[in-house]
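To start, the structure itself, in structure tokens.
The values are calculated or read from the model by the stated rules, or taken from the named source; none is laboratory data. Just so it is clear, the structure is predicted and the values come from calculations on it, not from any experiment. Don't worry about glycine lacking a Cβ; one is built from the backbone with ideal geometry, like all the others, and counts go over all protein chains shown.
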């Protein structure tokens, strides 16, 4: 199995179909183990390979949009549209995760992006936090150039 970091192919197409609204839809983040098979072809949230453990609920956490869709010029001097989310945490948690799926729960759980943590991340009776990168044209978690 594998986890491949990317915005999903279906999300890219759905942007042109006006499916996702970052001003009003609810976006969530689900965590996955190394047994998951998620990547560019993932179209919807799935429980297959999802993390489990103390204080982790299937479906994950609801995300807060911290930077609504905007644009800027990236380091290649290319105008880039982007959106970002506030960090999210699971408190008093015990589980292992290798990656995550951001998805739109307002739109039939359609996928947005897959995150690869690079290695298993384990928390034992502590706080597990997904920290999003700087919200700008170079680093925002979801960006289109």
Original post:
Has region 68-83 got at least one residue that is surrounded by fewer than 13 Cβ atoms within 10 Å (Cβ to Cβ), in a strand (DSSP E or B) and at pLDDT below 95?
Top reply: yes
Subject >> Condition met for residue 49 (touching a strand residue (DSSP E or B) at 6+ places or on another chain (Cβ under 8 Å), at pLDDT 95 or above, more than 28 Å from residue 137 (Cβ to Cβ) and surrounded by fewer than 17 Cβ atoms within 10 Å (Cβ to Cβ)) >> reply: no
Original post:
So is residue 26 at pLDDT 95 or above, out of contact with any helix residue (DSSP H, G or I) (no Cβ under 8 Å at 6 or more places or on another chain) and under 10 Å from residue 103 (Cα atoms) or not?
Top reply: yes
Original post:
Only one of (1) buried (at least 16 other Cβ atoms within 10 Å of the Cβ); (2) without any contact (Cβ under 8 Å) to a residue 40 or more places away in the chain; (3) touching a helix residue (DSSP H, G or I) at 6+ places or on another chain (Cβ under 8 Å) fails for residue 113. Which number is that?
Top reply: (2)
Original post:
So which residues in region 6-22 are crowded, with 16+ Cβ neighbours inside 10 Å and part of a loop (DSSP other than H, G, I, E, B)?
Top reply: 8, 19, 20, 22
Subject >> Leading residue by the ranking (nearest to residue 33 (Cα to Cα)) among those in region 53-67 that are part of a strand (DSSP E or B) and within 15 Å of the chain's Cα centre (by Cα) >> reply: 61
Subject >> Cβ-Cβ under 7 Å pairs, at least 6 apart or on other chains, region 48-71 side at positive phi and free of Cβ contacts under 8 Å to residues at least 60 places away in the same chain, far side in a strand (DSSP E or B) and surrounded by fewer than 17 Cβ atoms within 10 Å (Cβ to Cβ) >> reply: 53/94; 55/91; 55/92
Original post:
Pick from region 92-145 the residues that are assigned to a loop (DSSP other than H, G, I, E, B) and under 10 Å from the mean Cα position of the chain (by Cα): which of them is nearest to residue 17 (Cα to Cα)?
Top reply: 141
